[in-house]
Amino acid sequence: MNKAKKAKKLNAADLPSFNEWENTYYRKHPEEIPYLEKEFLADLRKHPDMPIEVFLGALRRLAELYGMSKLAKKTSINRVHLYQALSPKGNPTVRTVNKLLDGLGYKLTITPINQLPL
C-alpha cells in the first residue's frame, strides 16, 4: 500500500537564513529573483498551514531585495512600518499586505474553487 507522505509542518526556523552574501548575490543577479519568488509561491501551495511568521519572513526577504526604501516610496508605507509589519511578530493589516504585494508586482486575489450554480 502506497501511503502519501504527510507534509512536514513548516516553522519560522525552517526558513533559511538570508545572509549578506545571498543579498549581494541576488542584487548582482536580479534575473534570479523570479526563481526565489517561484520557490516561495510553491512553498505556499505545499504548506497551506504555513505560520504567518514564515510567510512574512519570505515577503520581507523579497522586499529587502527589491529595496525597502524604494518599496516604501512606491507603496506610501513608512519604511519603519514595513520592517515592523514584516517582522516575525508583525501583524500587518490586509491593506498593508495588499499594498506591499502590489508594490512587488503581485495581486492578492480570492478565487472560488467551485462555482456555485445560480
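The values are calculated or read from the model by the stated rules, or taken from the named source; none is laboratory data. Just so you know, these numbers come straight off a predicted model, no measurement behind them. Cβ sites come from the backbone with ideal geometry, for glycine too, and all protein chains shown count toward neighbours.
Would you confirm whether or not segment 93-116 contains a residue that is touching a Pro at 6+ places or on another chain (Cβ under 9 Å) and without any contact (Cβ under 8 Å) to a residue 40 or more places away in the chain?
From segment 93-116, those touching a Pro at 6+ places or on another chain (Cβ under 9 Å) are 100; that's our starting set.
Applying the additional criterion that residues be without any contact (Cβ under 8 Å) to a residue 40 or more places away in the chain yields none.
Scanning segment 93-116 turns up no residue that is touching a Pro at 6+ places or on another chain (Cβ under 9 Å) and without any contact (Cβ under 8 Å) to a residue 40 or more places away in the chain.
Among residues belonging to segment 59-118 that are aliphatic (A, V, I, L, M) and surrounded by fewer than 10 Cβ atoms within 10 Å (Cβ to Cβ), point out the one that is modelled with the lowest pLDDT. So that I can check it myself, show each step before the final result.
Keep residues of segment 59-118 that are aliphatic (A, V, I, L, M), which gives 59, 62-63, 65, 68, 71-72, 77, 80, 82, 85-86, 94, 97, 100-101, 104, 108, 110, 113, 116, 118.
Then keep just the ones that are surrounded by fewer than 10 Cβ atoms within 10 Å (Cβ to Cβ); that gives 94, 110, 113, 116, 118.
Details: VAL94: 91, ILE110: 75, ILE113: 75, LEU116: 68, LEU118: 63.
Ranking the qualifying residues of segment 59-118, first place goes to LEU118.
With respect to LEU10, is the statement that it is modelled with pLDDT of 80 or more and surrounded by 11 or more Cβ atoms within 10 Å (Cβ to Cβ) true? Before you say what the answer is, go through the steps one by one.
Details: modelled with pLDDT of 80 or more: no; surrounded by 11 or more Cβ atoms within 10 Å (Cβ to Cβ): yes.
No, not satisfied.
Which pairs have Cβ atoms under 8 Å, sit 6 or more apart or on different chains, and link a residue in segment 80-91 that is on the phi < 0 side of the Ramachandran plot to one that is part of a loop (DSSP other than H, G, I, E, B) and modelled with pLDDT under 90?
GLN84/GLY90
Restricting segment 86-111 to residues that are among the hydrophobic types (A, V, I, L, M, F, W, C) and under 12 Å from the mean Cα position of the chain (by Cα), which is nearest to PHE55 (Cα to Cα)? Step through it out loud before you land on a result.
Step one: of segment 86-111, the residues among the hydrophobic types (A, V, I, L, M, F, W, C) are 86, 94, 97, 100-101, 104, 108, 110.
Okay, now just the ones that are also under 12 Å from the mean Cα position of the chain (by Cα), so 86, 97, 100-101, 104, 108.
Details: LEU86: 9, VAL97: 11, LEU100: 13, LEU101: 12, LEU104: 15, LEU108: 14 Å.
Restricting to residues being among the hydrophobic types (A, V, I, L, M, F, W, C) and under 12 Å from the mean Cα position of the chain (by Cα), the top hit is LEU86.
Applying the selection to segment 26-46, what residues are under 13 Å from the mean Cα position of the chain (by Cα) and touching a residue at least 12 places away in the same chain (Cβ under 8 Å)?
Across segment 26-46, the qualifying residues are ILE33, LEU36, GLU37, PHE40, ASP43.
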